[in-house]
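Trainee: Once you've had a glance at the structure underneath, I'll fire off some questions.
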């Protein structure tokens, strides 16, 4: 499989009045054509900033992409002009946002919001664009699409709006769809439906998909490969099943332990990861996870571990794992 | 949808089919109609507007025609609201005065919109240095007392080509418009700045929307409600300003009737012929109240959160 997106050592910072927030510190990952990957991590670990950085949509002027590359089919997105970048957004990379309730313009009908990009990127006429919008709404499972295109966002429920957002994201047949926690704001019962839908459509149309989530359960089911992010860097990545069953980083293992399981007998209370994610204004010098790590070695305080391949395709950045001990692994 | 009978599943499709499509303005219109004060305001405005437009059909008197044999007449069947110190019919003068007032209200707000909206939108969406420059200019304008600046401007404009257009009324339009636009531009800028932070704007940018497109399509339509409300409140303010200017004698030129000038003329004989002051004063109060009610109603109606 050939690589579609290759992000290398992305560094994004925010200049605030209190100091510089180092939101993303050298994150790297790749997405192959037609592949689904997942980026996992808890709140504030830089998942969303990473995806917004790829689209160059981080808040200006505080936010700044300091260094790194984001190669889409070989062209570095971070070096394009504003105008060139604008032509890529929506047409080649599109995004599904977290909040369907606020991601649609309240004063425009659904149809109008959808047809605009079809006219812009696919150069359709008004009638043609409207017909296509109806088709897309049908595709994402909106009943009575012919009527619903004339409705306003407030006529739709959260789940329905997210379906509309999905329809908009795929409308220009992009090569890559970034779904930034697409199911956090909707009902649990709708979550799996939406994920099935996103996965199904991107698969069918041969699009690559980056699924950003904090739910490791989602990952095992939908993504082929997983990147676990912590404090703005990737601490572990590999094939989904391998990461799921043999986590090589204590953080990944902690994430897994803190999720309730339905397919295993209950073993008592859930085990949360103790402590708080680091303050990204002054992250730890050594391993970023060290202050919360029960297995930390003296080395972890001073030296930052780099990613190393521990099993085929399975990388981790952890001194303890390098030493051959994975005490946290399930037996 | 208010049917008392429970729709069975086979009927469900028809029931949803029957729900009418309403645009947002349609929705606002329905809410506005339910507001009694706003409706009352609209009716008063309508009555004044009809009176102003059809004045020649309603009264047989000419607003400028003097009849020195019948001055200071009390209201009667002949002169409905009496006559003034030059024997002119007060009812006719009030009707034609409504023309002046409404014209001032509407045209100044047009000028306000024409200047304030683009400047506010430009400053808000561009941001940075452009925004800073424009808003400092607005601040300077804002720093001057309004009425002083208007008097100054009208004195200056009187000497230009506008001086004699329509009995000096154009000078009033321009003077008030050129001062009042700062409010709207501030409002529009504030709206745009806050809307820019909204998710749907980021989403529109993620879809590849251009800056101007986002301003025109996403930012401005969303701030339309507050703009309409501000303009509606601006109308009575302009009417009042014109009345004040005419009262101190620098408004429209006589004999063009203006409510402010009528109060000025009647002021000296207030105790012998009180109707000369009461009639225009009540007219001013009524039209201001009407526009304020309508503005309040519009504010509630155009706010989607007030949806019941």
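Trainee: Report whether or not residue A:198 is in contact with a strand residue (DSSP E or B) (Cβ under 9 Å, 6 or more places away or on another chain), touching a residue at least 40 places away in the same chain (Cβ under 8 Å) and not assigned by TED's automatic domain parsing to the domain that holds residue A:300.
Mentor: The answer is yes for residue A:198.
Trainee: Restricting to the range A:145-161, name every residue that is in contact (Cβ under 8 Å) with a residue 12 or more places away in the chain and within 12 Å of chain B (Cβ to nearest Cβ).
Mentor: Selection gives A:146, A:148, A:149, A:150, A:151, A:152, A:153, A:154, A:161.
Trainee: Being part of a helix (DSSP H, G or I) and modelled with pLDDT under 90 is the requirement here; does residue B:70 meet it?
Mentor: It is false that residue B:70 is part of a helix (DSSP H, G or I) and modelled with pLDDT under 90.
Trainee: Can you tell me how many residues in the range A:88-98 are within 7 Å of another protein chain (Cβ to nearest Cβ) and surrounded by fewer than 21 Cβ atoms within 10 Å (Cβ to Cβ)?
Mentor: Residues meeting the conditions: 1.
Trainee: I'm checking my understanding of the structure. Among residues of the range A:286-308 that are surrounded by fewer than 20 Cβ atoms within 10 Å (Cβ to Cβ) and outside any loop (DSSP other than H, G, I, E, B), which one is farthest from the chain's Cα centre (by Cα)?
Mentor: For the range A:286-308, the residue satisfying everything is A:298.
Trainee: Restricting to the range B:204-239, name every residue that is facing another protein chain (nearest Cβ under 7 Å) and either without any contact (Cβ under 8 Å) to a residue 12 or more places away in the chain or under 16 Å from residue B:297 (Cβ atoms) (or both).
Mentor: Hits for the range B:204-239 are B:205, B:206, B:207, B:208, B:210, B:221.
Trainee: Let me spell it out: the conditions are (1) at pLDDT 90 or above; (2) in a strand (DSSP E or B), and residue A:22 meets all of them except one. Which number is the exception?
Mentor: Checking residue A:22 against (1) at pLDDT 90 or above; (2) in a strand (DSSP E or B), the one that fails is (1).
Trainee: Mind checking which residues of the range B:183-203 are facing chain A (nearest Cβ under 7 Å) and assigned to a helix (DSSP H, G or I)?
Mentor: Residues satisfying the conditions are B:199, B:200, B:202, B:203.
Trainee: Mind checking which residues of the range A:102-129 are farther than 19 Å from residue A:86 by Cα and part of a helix (DSSP H, G or I)?
Mentor: Once the filter is applied, which keeps residues that are farther than 19 Å from residue A:86 by Cα and part of a helix (DSSP H, G or I), the range A:102-129 yields A:110, A:111, A:112, A:126, A:127, A:128, A:129.
Trainee: What about residue A:136, is it within 14 Å of chain B (Cβ to nearest Cβ), touching a helix residue (DSSP H, G or I) at 6+ places or on another chain (Cβ under 9 Å) and over 25 Å from residue B:220 (Cα atoms)?
Mentor: Yes, satisfied.
Trainee: Turning to a different aspect of this structure: Does residue B:47 fit the bill of being in contact (Cβ under 8 Å) with a residue 12 or more places away in the chain and farther than 24 Å from residue B:251 by Cα?
Mentor: no
Trainee: Counting just the residues of the range A:103-133 that are without any contact (Cβ under 8 Å) to a residue 12 or more places away in the chain and farther than 16 Å from residue A:151 by Cα, which one comes out nearest to the other protein chains (Cβ to nearest Cβ)?
Mentor: Ranking the candidates gives A:119 first.
Trainee: So, one more: With respect to the numbered conditions (1) in contact (Cβ under 8 Å) with a residue 60 or more places away in the chain; (2) buried (at least 17 other Cβ atoms within 10 Å of the Cβ); (3) touching a helix residue (DSSP H, G or I) at 6+ places or on another chain (Cβ under 7 Å); (4) more than 26 Å from residue A:188 (Cβ to Cβ), which one is the sole condition not fulfilled by residue A:311?
Mentor: For residue A:311, the exception is condition (2).
Trainee: When residue A:41 is evaluated against the numbered criteria (1) within 16 Å of the chain's Cα centre (by Cα); (2) modelled with pLDDT of 90 or more, which criterion, by number, is the only one it fails?
Mentor: Only one criterion in (1) within 16 Å of the chain's Cα centre (by Cα); (2) modelled with pLDDT of 90 or more is unmet by residue A:41, namely (2).
The values are calculated or read from the model by the stated rules, or taken from the named source; none is laboratory data. What you are looking at is a predicted structure, and each value in this text was computed from that prediction instead of being measured. Note: ideal-geometry Cβ built from the backbone for every residue, glycine included; neighbour counts use all protein chains shown.
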